[in-house]
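Here's the structure we're looking at; comments come further down.
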Amino acid sequence: MKEQYIMGIDNGGTVTKAAIYDRYGNVVSISAKPTQMLTPQEFHTERDINELWAANVEVIRKSIESSGIDAKQIKGVAVTGHGNGLYLVDETGAPVRNGIISTDSRAKAYVEKWYSEPTFFTDILPKTMQSIWAGQPVALLAWLKDNDPEILSKARYVFMVKDLIRFYLTGQAFSELTDISGTNLINVRKRDYDLSLLEWWGLEELHDKLPPIKHSTDCCGYITEEAAQLTGLCAGTPVSGGVFDISASSVASGINTLDKLAIITGTWSINEYVTDNPVIDKDLFMTSIYPIDDKWLITEASPTSASNLEWFINNFMEVDRTIAKAESASVYDFCNKLVSTTTPDESHLLFFPFVFGSNTIPDASAGFIGLNSFHKKAHFLRAIYEGVAFSHLYHIERLRSINPNLSRTIRIAGGVTNSSVWLQIFADIFQCTLEIVDVKEHGTLGAAMTAAVMIGWFEDIFASSNAMVHVSRTVTPDPTNSKVYQDKYQLYKKLLSEMQSPWRSCNNYITH
């Protein structure tokens, strides 16, 4: 009997990926393609939906072609993607406007207005169990209702990105429970849409545009003949509901017990653990539904992670990128070497990693503080490495205040794991042991696990995680760096507080 495989597809903010896995979590092939982030105005981050679908078609086809297997051996497909944002299409799936990525902050004024309403804390938060932020569909839909109502009238479906791609693959329109539970669109406790919630947001007329909700491991349709011709998948291959990207990263990190803590480094700083009990706290980023019955994912997050380095490289290291390309080298390796030439105690240059804003620090913007003539490019890069780690620690402190029994060993995933230098900085700042799992792409693997459960390979997501995820190495902290990093971190937090007024003044000047 031929070996069987599953496919996971991941649509992040700037890259689309597809990967094929066997039942042990071994990757057979991976294909990736960048997609352009559009910034038509300040605070707007969008993407062309047709370009996005073309990227999905390409990576699916290439992953099959490079795998050396017959597409008939792929027994299940699943999709994940960045949470929140907004993707509007008509009955046929044709876009009615660009997709909106979750880093968009055009609707910030709506968030401020809703937080000023006392009923949010008494009536809404107990149902949604999460904060509000500008990149969520509730805020974006409210903005469109006031600024471009014709677009909403043309839309038939309100989708998250992964649900849109599943729709294109199967022709079936569904929302998926873990993903929609992080949008403020549903009553998380009841696990369904709630008309009273939609009325509070002023969005009740959009109820019929919200697709029916399915579970992560449910079959949500089959690859159509048209999609099969485009992608190389076999028509009739089942497609699972898929999973919220933060849950995908969690299960692919091996978070399969209730004491484990995971952090994922990417565009967003994701910090999370799984629990039997939902947490309702006005200061918590999000309680969402986990892809296992009666389990919840407790998350602290903001768009403040490793993508800050990518921004710096793209905008200020053109010469370095050119040299690296000519030498067939990695500009990221060059950054690591520069950072290694510095030590934690030789500079107190700090970086606030808010290039894409912050949902937790009002009006925050990125910047370096403490700059003087001593500082070179290496110090700027170290400050970015440290600032991203400080942002994660800021969130982790909140999680530990909620659950002090969380393990002192942390699973870490995402772009930082490609840098031994950056991993050591994380370990030293946290003063915790880091575990790195032998997973190249957490999003695609986490999504694929839902397909593995759907087709009967495993009983549930925890079982699939146990079988398909393996720790490859650990990083231990250097205690000699503990004090200097604690001092830096305390200064970082102090300045965060003191910068509220300047940031607010700057933001008011820009918007007026």
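The values are calculated or read from the model by the stated rules, or taken from the named source; none is laboratory data. All values reported here derive from a predicted model rather than from experimental measurement. Backbone-built Cβ (ideal geometry, glycine too); neighbour counts: all protein chains shown. Areas reflect the complete protein model, heavy atoms only, side chains present, ligands, DNA and RNA absent. Shrake-Rupley method; radii C 1.70, N 1.55, O 1.52, S 1.80 Å.
Miscellaneous remarks
- Within the shell of other residues whose beta carbon sits under 13 angstrom from the beta carbon of Leu258, the net charge comes to -2, with Lys and Arg scored +1 and Asp and Glu -1.
- Estimated vicinal HN-Hα couplings, Hz - the stretch 6-11 in sequence order (Karplus 6.51, -1.76, 1.60; Gly, Pro = x): 10, 10, x, 10, 10, 10
- Listed candidates (i) 24.6, 81; (ii) 22.0, 68; (iii) 21.5, 63 - label of the one calculated as Rg and Dmax of the Cα atoms in Å: (ii)
- FRET efficiency for Glu112 and Ala329, using Cβ-Cβ distance with R0 set to 41 Å, rounded to 0.05: 0.35
- Separation of alpha-carbon centers, the stretch 449-512 and the stretch 193-224, rounded to whole Å: 29 Å
- Those trypsin sites (Lys or Arg not before Pro) in the stretch 350-452 that DSSP places in a loop and that have at most 16 other beta carbons within 10 Å: Lys376, Arg408, Lys440
- Here Lys145 is the anchor, and the aspartates and glutamates within straight C-alpha reach of less than 12 Å, apart from those fewer than 8 places off in the same chain, are Glu204, Glu205.
- For the stretch 206-356, the dipole from Cβ point charges (+1 on Lys and Arg, -1 on Asp and Glu) about the Cα centre works out to 180 debye, to the nearest 20.
- Amide H contacts of Ile270 (H built 1.01 Å from N, under 5 Å, at least 5 apart or other chain): Ile264
- Lysines whose Cα lies under 21 Å from that of Lys337, excluding same-chain neighbours fewer than 8 positions away: Lys325, Lys376, Lys377
- Ratio of Rg to Rh over the stretch 125-243 (Cα coordinates, Kirkwood Rh, two decimals): 1.01
- Probe 1.4 Å, protein heavy atoms only - accessible area per residue of the chain in square angstrom: 39 Å²
- Under-5 Å amide H pairs with Cys220, H placed in peptide plane, nonlocal only: Val239, Ser240, Gly241
- Cross-link reach is defined here as a Cα-Cα straight distance under 14 Å, omitting same-chain residues fewer than 8 places apart; for Lys209 the aspartates and glutamates meeting it are Asp90, Glu91, Asp163, Asp194.
- Pairs from Lys295/Lys440; Lys33/Lys108; Lys127/Lys282 whose Cα-Cα separation, in the structure shown, is over 22 Å: Lys295/Lys440; Lys33/Lys108
- Spatial separation of Cα centroids for the stretch 100-124 and the stretch 296-363, in angstrom: 29 Å
- For the set Lys488, Lys108, Lys295, Lys190, the ranking by accessible area, highest first and with no ligand, DNA or RNA atoms included, is Lys190, Lys108, Lys295, Lys488 under a 1.4 Å probe.
- Overall, the accessible surface of the chain at a probe of 1.4 angstrom is composed of carbon and sulfur to the extent of 50 percent.
- Counting charges near Ile436 (Lys, Arg +1; Asp, Glu -1) among other residues having Cβ under 10 Å from its Cβ returns a value of 0.
- The chain: calculated mean residue ellipticity at 222 nm from DSSP helix runs of at least 4, using -39500 (n - 2.57): -11500 deg cm²/dmol
- Looking at the stretch 354-409, the chymotrypsin sites (Phe, Trp or Tyr not before Pro) that sit in a DSSP loop and have at most 15 other Cβ atoms within 10 Å of their own Cβ are Phe374.
- Karplus-derived HN-Hα couplings along the stretch 60-65 (A = 6.51, B = -1.76, C = 1.60, θ = phi - 60°), whole Hz, x at Gly and Pro: 5, 4, 5, 5, 5, 4
- Expressed to the nearest 5 percent, the antiparallel share of DSSP beta bridges inside the chain is 70 percent.
- A simple charge model with +1 on the Cβ of Lys and Arg, -1 on the Cβ of Asp and Glu and nothing else charged puts the dipole of the stretch 57-164 at about 240 debye relative to its Cα centre.
- Long-range amide H partners of Ser175 with built H, under 5 Å: Ile213, Lys214
- The 3J(HN,Hα) values that the Karplus relation (6.51, -1.76, 1.60; θ = phi - 60°) gives for the stretch 308-323 are, in residue order, 4, 5, 4, 4, 5, 4, 5, 9, 10, 10, 4, 4, 5, 5, 5, 5 Hz. Gly and Pro appear as x.
- Each Lys and Arg adds +1 at its Cβ and each Asp and Glu adds -1 at its Cβ; summed about the Cα centre, the stretch 389-499 shows a dipole of about 340 debye.
- The fraction of all Cα pairs in the stretch 254-321 landing in successive 5 Å bins from 0 to the largest distance is 4, 16, 19, 19, 14, 9, 6, 6, 5, 2, 0, given as whole percents.
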